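Let me begin by presenting the structure, written as structure tokens, before commenting on it.
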Amino acid sequence: MRASILLLGLAVAACAADPAVIEKGRKEEQRTCLPCHSLRIIHTNRLSRAGWNKELDKMAGWGTTYSDREAVLEYLVATYGDDKPVAPPAISADGRTKK
């Protein structure tokens, strides 16, 4: 029993993305995505790894160049993967959606 719990823990740890890679991907997102559009269009999506990979390919086809594409992919999957909840819209004090 303990061995299977240990193996499960190791498997989960292996799947967790390296924080340094995630931070590198976040910075690369700022550099490569902001010249063309706001980050809101990205951050409201929840895609699988395959979905984010396809989006990065599409952006490369439109001229985006990545210095570390894999870091961007890891960041997007870890932060905005299809298993992550969508943040609710910001609401002002009077109950209206903030713009």
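Which order results if Val72, Val77, Val86 are arranged by neighbouring Cβ count within 10 Å, fewest first?
Going from least to most buried by this count: Val86, Val77, Val72.
Chymotrypsin sites (Phe, Trp or Tyr not before Pro), restricted to the range 26-90: which are DSSP loop and have at most 11 other Cβ atoms within 10 Å?
Trp62
Take the Cα gyration tensor of the range 17-80, multiply each eigenvalue by 5, square-root it, and list the three semi-axes largest first, rounded to whole angstrom.
16, 13, 12
Any read-out appearing in this document is the output of simple, stated calculations on the displayed coordinates, not a laboratory observation. Note that this is a predicted model, so its numbers are computed, not measured. We place every Cβ from the backbone using ideal geometry, glycine too, and count neighbours over all the protein chains shown.
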